[in-house]
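J.: The structure under discussion is supplied below as structure tokens; questions concerning it will follow.
The values are calculated or read from the model by the stated rules, or taken from the named source; none is laboratory data. Note that this is a predicted model, so its numbers are computed, not measured. Counting neighbours? That spans all protein chains shown, and the Cβs are built from the backbone with ideal geometry, glycine included. For accessibility, only protein heavy atoms count, side chains too; no ligands or nucleic acids. Shrake-Rupley method; radii C 1.70, N 1.55, O 1.52, S 1.80 Å.
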Amino acid sequence: MGDPNPRTTVRPSGTVTFLFTDIEGSTRLAQEHPQEMPALLARHNDILQKSIETHHGFVIRIVGDSFSAAFDTARDALSAALEAQRTLQTEAWSPAPIRVRMGIHTGPAHAVQAKDDLQGAAYEGYATLALTQRVMSAGHGGQILLSQTTHDLVREALPNGTDLRDMGERRLKDIVRPEHIYQVTAPDLLSEFPPLKTLDTVRHNLPAQLTSFIGREGEIVEALDLLSSTRILTFIGPGGTGKTRLSLQVAAEQVPVFKDGVWLIELAQLADSTYVLSTIASTFQLREHQGLPLIDTVTDYLRGKQLLLVLDNCEHLIETCARLSERFLHACPKLKILTSSREALGIAGETVYRVPSLSLPADFQALQDAGNLTHELMRYEAPRLFTERARKANPQFTLTSDNAAYVTQVCERLDGIPLAIELAAARVKLFTPRQIAERLDDRFKLLTGGSRTALPRQQTLRALIDWSYHTLNGTEQEVLRQLAVFSGGWTFEAAEAVAGEMEAMEGLSGLVNKSLVNVEEKEGESPTEASYRYRYLETIRQYAMEKLLESGEAVNARDRHLAHFMDYARRAEEKFGTPQRPLWVNRLEIEHDNLRSALDWAVEHHPESALQMVASLATFWLSRRYMTEGCKWCQAAISRAEALSTADLDRTRAQRARAYSALAMLSINRGEHPAGQSAAWKGVALARQLDDPLQLARALHFLGMSSAFSGDETLAFDSLHESEALFRQIGDKDELA
């Protein structure tokens, strides 16, 4: 067909603005109006061709009902789109209207020679072209959408009467980073459209599920109905019944309902109730401010939000979750809360929903007699879950009339508990369904005197995990136990530090393959690398910890865990005065639960190590506004150390001096100036005893700051002047600055 735009001789190149268009529902139109469609399409093409040429554009390709055009300037592209839409929307289309969606994006691209005449023209610049296509595809017929780059180029010189409506950051298919999208509005154009067709139309932090959600259709309907008429809904049930997965599925269904999003707060890894509030705050990127309690900051943020808060695994923090939920619900009228726990929160207005086990056939023999056994069996959730997860573990697995009875038997004896069924299904790499059922007989002692005696669900789940544990080799068992010391996941390097290099390599690989450890791929610290993090399901972690305690290895494992994270904190502290500080602060944030666990162990068993850790972590706590928590750890470490013998007190004098300085710094930044001054005084006294000019200078600095805030000008000036002199004496320019 030749060049579709022969009048243009120099195509835009370098930084190019592209306009992509297509007709919404063109396939349906062609099917419903086959006789009229060629004429409709020809008129559509004339309108677009004229508008593009009038505004100095270059048509680079026409494929069916889709146009691609290139412009030297973003303003020309916008003007062409506006003119085309005005003509398209005033045209007397018959017998059906033509609605065209348009997307405009600006980016690097270079014109190249087309391979043949059918291509019209060609451009190199895949990322730019792909993003333009995705921006257009997010829209609806009659809508013009702009990328952030194009918006920035045209916003100061918009055509008369034109405005740009902020549609927010959106995730587009196959585009790695979210893109900010804007809709073009004008008085004579359509302005109201359905939500954009993007991957996430509202904000949320729900994790992507890597496996399909089996069944639970009835439970989801019931839960959604309950949530529509209550402010707080709690899923209860024993471990392994799928409370978390059901709550995530229900939450996902609610994403379009809540204007300000659906937000998951994972509590399973928290060992102390004092971390619940800071975890919620961190989810919303809220930080503690001087003189303002964190609970007030979080409540004020949530007060006007139409938001669903999902608190997952509350049972070990039940009182704190109940107290915070009650406060939020009273203060935030548009807020709803969805929780999962082994018991109800017990607050006013709470609706409780007990999560049942997966469905099982009441009479297997009747199914068998009815014929088409495998088809009928897949109507039930428990055997369907076993079959799908077994196929994941062993792609050759098939549910047959020969193994259907054993699959059903396994599901029945595991009481339809999802986690138990998934763990059993993972064993099909080693055993047939019949062998699994036989081992359940031997291991669990479920048959007594010829009749089946059901154990409590939690005991049944424990029995299954116990059986899985005994199928591991010695190294895998040891590593399973050792890794229980981690909280909130771990890296391979951390596993090596606790379990040993070769043991971690062999044992962790086996545990991952046997579905006892989950692997999460995280975004790396550079574009070319990926980061892997390992995590137990909480039920597995609790079981592994009990095995660790029974083995007598717990003290050594906790000591190695402490040593690793002490070194990690020390290395981070060394980088705080360098451009790598943000990187290391982020790393410490990821490992915060492990740092807490290590500190808890150190305070109780290794006071000197606790003093070293709080000194190393003080800057991190300050950077991420964990001042209250940091002060708590400093006070705990100091109190524990000062209860030691006189000899130990002398040995820890230097560490206590640093810990007092850390406490002073954090107290001052909390607005607790008397506490900061008291800590600084003690740090000064210890530093003078040690004859340590650097530590003395730092302690004097905090003494001066706290005294200034407290109104003691004389002490403030004296302390700061002495601190300055000491820093000059030792030549520490960073501290002096």
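J.: Per residue and in Å³, how big is the convex hull formed by the alpha-carbon atoms of the stretch 590-737?
T.: Dividing the Cα hull volume of the stretch 590-737 by its residues yields 104 Å³.
J.: How large is ³J(HN,Hα), in whole Hz, for each residue of the stretch 347-361 in order, when computed from phi with the Karplus curve 6.51 cos²θ - 1.76 cosθ + 1.60 and θ = phi - 60°, using x for Gly and Pro?
T.: Karplus-based 3J(HN,Hα) across the stretch 347-361 equals 10, 4, x, 6, 9, 10, 10, 7, 6, x, 6, 5, 5, 9, x Hz.
J.: When only the heavy atoms of the protein chains count and the probe is 1.4 Å, how do Glu32, Glu521, Glu724 rank by accessible area, highest first?
T.: In descending accessible area the options line up as Glu521, Glu32, Glu724.
J.: Under the Kirkwood approximation for Rh and a Cα-based Rg, what ratio Rg/Rh is obtained for the stretch 24-91?
T.: 1.01
J.: Further question: Which cross-chain or sequence-distant (5 or more) residues have an amide H under 5 Å from the amide H of Glu350, H modelled 1.01 Å from N in plane?
T.: Hits under the 5 Å cutoff: none.
J.: Send over a whole-number figure in Å² for the accessible area per residue of the stretch 252-326, probe 1.4 Å.
T.: That works out to 40 Å² for each residue.
J.: Hey, what do the phi angles of the stretch 167-172 turn into as Karplus ³J(HN,Hα) couplings, whole Hz, using 6.51/-1.76/1.60 and θ = phi - 60°, x for Gly and Pro?
T.: Per-residue couplings from phi come out as 9, x, 6, 10, 8, 10 Hz.
J.: Report Ser710's accessible area, 1.4 Å probe, all protein chains in place, as a number in Å² to the nearest 10.
T.: 60
J.: If you don't mind, there's one more thing I want to ask. Given the C-alpha centroids of the stretch 239-259 and the stretch 359-424, what is the distance between them in whole angstrom?
T.: Each part reduced to its Cα centre gives a spacing of 25 Å.
J.: Per the 1.4 Å probe, what fraction of the accessible area of the chain, in percent, lies on carbon and sulfur atoms?
T.: 50
J.: With a 10 Å radius around each residue's Cβ, average the other Cβ atoms per peptide and rank 95-106, 609-620, 263-274, 359-370, highest first.
T.: Answer by packing, highest mean first, reads 609-620, 95-106, 263-274, 359-370.
J.: Leaving ligands, DNA and RNA out of it, work out the accessible area of Phe431 with a 1.4 Å probe and give it in Å² to the nearest 10.
T.: 40
J.: Turning to a different aspect of this structure: Where nothing but the Cβ of Lys and Arg (+1) and of Asp and Glu (-1) is charged, how large is the charge dipole of the chain around its Cα centre, in debye to the nearest 20?
T.: 640
J.: For the stretch 197-337, what does the convex hull of the Cα positions come to per residue, in cubic angstrom?
T.: With only Cα atoms used, the stretch 197-337 gives 129 Å³ per residue.
J.: Now a separate question. Work from the charge dipole of the chain (Cβ charges, +1 for Lys and Arg, -1 for Asp and Glu, about the Cα centre) and give the residue of Met37, Trp263, Ala495 farthest towards its positive end.
T.: Value computed over the given set: Met37.
J.: I've got another one for you. Can you spot the lysines whose alpha carbon is less than 26 Å from Lys547's alpha carbon? Ignore those fewer than 8 places along the same chain.
T.: Qualifying lysines at Cα under 26 Å: Lys243, Lys429, Lys445, Lys514.
J.: Now a separate question. Just to verify a number: what accessible area does Trp681 come out at with the full protein assembly present, 1.4 Å probe, Å² rounded to tens?
T.: Per-residue accessible area (Trp681): approximately 130 Å².
J.: While we're here: Nearest 5 is fine: what % of DSSP beta bridges in the chain come out antiparallel, could you say?
T.: 65
J.: How do Asp65, Asp650, Asp691 rank by accessible surface area computed with a 1.4 Å probe, from largest to smallest?
T.: Ranked list, largest accessible area first: Asp691, Asp650, Asp65.
J.: For Ile730, Ile417, give the ranking by accessible area with the largest first, probe 1.4 Å.
T.: Ile730, Ile417
J.: So which lysines pass the test for Lys334, namely a Cα distance under 16 Å, with those fewer than 8 places away in the same chain ruled out?
T.: Straight-distance partners of Lys334: Lys259, Lys305.
J.: State the percent of C-alpha pairs, over all pairs in the chain, separated by a distance greater than 43 angstrom.
T.: 47
J.: Below 8 Å between Cα atoms, with a sequence gap of 6+, how large is the relative contact order for the chain in percent?
T.: 7
J.: By its C-alpha gyration tensor, with a ≥ b ≥ c as the square roots of the eigenvalues, how is the stretch 580-624 shaped: rounded for a/c under 1.5, else prolate for a/b larger than b/c, else oblate?
T.: prolate
J.: Here's something else I'd like to know. Over the stretch 12-159, give the accessible area per residue in Å² for a 1.4 Å probe, as an integer.
T.: Ligands and nucleic acids excluded, the figure is 43 Å² per residue.
J.: Under 20 Å from the Cα of Lys575, which lysines turn up, not counting those fewer than eight places away in the same chain?
T.: The qualifying lysines are Lys733.
J.: Excluding ligands, DNA and RNA, what is the solvent-accessible area per residue of the stretch 348-438 at a probe of 1.4 Å, expressed in Å²?
T.: The answer is 44 Å² per residue.
J.: Return the percentage of antiparallel bridges among DSSP beta bridges fully within the stretch 27-164, rounded to the nearest 5 %.
T.: 75
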